[in-house]
Amino acid sequence: MAAPTIVILTGAGISRESGLHTFRDPDGIWARHRIEDVATPEAFARDPALVQGFYNARRAALRDPAIRPNAAHEALAELDWRWPGDLLLVTQNVDDLHDRAGSRRLVHMHGELAKARCLRCGAVGPWEGDLSPETPCPACGAAGGMRPHVVWFGELPLEMERIEAALDDCGLFVSIGTSGAVYPAAGFVREVRHRAETLELNLEPSEGSHLFGEARHGPATVLVPAFVR
Ligand code: BJW
């Protein structure tokens, strides 16, 4: 029998032990910033400098040499190299730790901190430094239209067609380090649970924990390598 298609969904919890903050834990990003101020298109239209400052700081933190992929990112990269069937790693994370660990069959559904997008010409490219409301686009030269390549509330997540196609084929769905509070990702388990095996690996039960066939609770750096090997 052919190896089943695996879809893995990851969230901020997988990067917590690499030193990056989650969103909804007591010490998380939303404890220090209001979503309405920094993570909506309306916030960006109102105060682009504030929003860019928020993402500039997180982009700079990602370049700190102490921030590296952990054993959970590495185990998923190993699974990607090894698994003979179809596999798609769908991350909600805007960090690049799965990329650095070596995962290749990877979708960043909420975008990437290390990329910027021009609102004038639509070009998306790598971005290492800070963005400001005056930053010109390297592709078209227009000033004032560069924004972080991330998905804010009210915007469409990226590559949904590819994700839905993988979910349609899915024989095993694994959710790792996500609170299950944000849609459409939080709805994936409902889509597949009647035809696929479903497994949650999270520090604590997520909002949708009861929807999974099996749930294991603990740190990602312990649970994910144990699942993969
Ligand atoms: C550990 C650990 C360790 C800790 N080991 N675990 C009702 C129904 C459907 C939709 C909606 C609805 N009401 C509103 C909506 C729309 C809205 C939404 O979902 N709102 C909710 C608040 C209800 N969604 C949207 O607007 C999305 N777009 C959309 O829906 O378009 C329409 C559409 C419809 C149908 C199909 C397709 C499209 C866009 C959402 C964009 C989210 N953007 C953010 C910011 C990205 C940029 C940035 O990083 O700043 O994405 S918000 C933030 O939340 C970020 C994350 O990716 C996302 C999810 O968070 P995550 O990863 O789950 O983190 P936490 O902190 O919540 O959880 C961490 C977990 O890890 C915890 O459980 C810990 O216990 C655990 N953990 N340490 C293992 N060591």
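The values are calculated or read from the model by the stated rules, or taken from the named source; none is laboratory data. If you're wondering where the values come from, they're calculated on a predicted model, not measured in any experiment. Cβ placement follows ideal geometry from the backbone for every residue including glycine, while neighbour counts extend to all protein chains displayed.
The table below gives the values:
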{"read-out": "Strands (runs of 3 or more DSSP E) contained in region 69-160 and holding at least 1 residues exposed (fewer than 14 other Cβ atoms within 10 Å of the Cβ)", "value": "124-126"}
{"read-out": "Near pairs, Cβ below 7 angstrom, 6+ apart or cross-chain, from region 143-159 (more than 15 Å from Pro184 (Cα to Cα)) to any residue that is within 6 Å of the ligand (Cβ to nearest atom)", "value": "Val150/Val94; Val150/His110"}
{"read-out": "Residue check, Ala166 within 17 Å of the chain's Cα centre (by Cα), crowded, with 19+ Cβ neighbours inside 10 Å, closer than 28 Å to Ser209 by Cβ and within 13 Å of the ligand (Cβ to nearest atom)", "value": "no"}
{"read-out": "Of all residues making up region 177-209, the number that are surrounded by 20 or more Cβ atoms within 10 Å (Cβ to Cβ) and assigned to a loop (DSSP other than H, G, I, E, B)", "value": "7"}
{"read-out": "When residues of region 75-126 are limited to those that are of a type in the set (Gly, Ala, Ser) and farther than 29 Å from Gly141 by Cα, the one farthest from the ligand (Cβ to nearest atom)", "value": "Gly85"}
{"read-out": "Any chance Leu167 is closer than 30 Å to Pro219 by Cβ and out of contact with any Gly (no Cβ under 6 Å at 6 or more places or on another chain)", "value": "yes"}
{"read-out": "Near pairs, Cβ below 6 angstrom, 6+ apart or cross-chain, from region 160-189 (without any contact (Cβ under 8 Å) to a residue 60 or more places away in the chain) to any residue that is buried (at least 21 other Cβ atoms within 10 Å of the Cβ)", "value": "Gly180/Ser206; Gly180/Gly208; Ala186/Gly180; Val189/Thr198; Val189/Gly208"}
{"read-out": "Flag for Ala43 being of a type in the set (A, V, I, L, M), modelled with pLDDT of 95 or more, away from the ligand (no atom under 12 Å from the Cβ) and not in a loop (DSSP other than H, G, I, E, B)", "value": "no"}
{"read-out": "Answer residue from region 1-35, given it is part of a loop (DSSP other than H, G, I, E, B) and among the small types (Gly, Ala, Ser) and is surrounded by the most Cβ atoms within 10 Å (Cβ to Cβ) among those", "value": "Gly11"}
{"read-out": "Subset of region 210-229 [surrounded by fewer than 14 Cβ atoms within 10 Å (Cβ to Cβ), modelled with pLDDT of 95 or more and away from the ligand (no atom under 11 Å from the Cβ)]", "value": "His210, Gly213, Glu214, Ala226"}
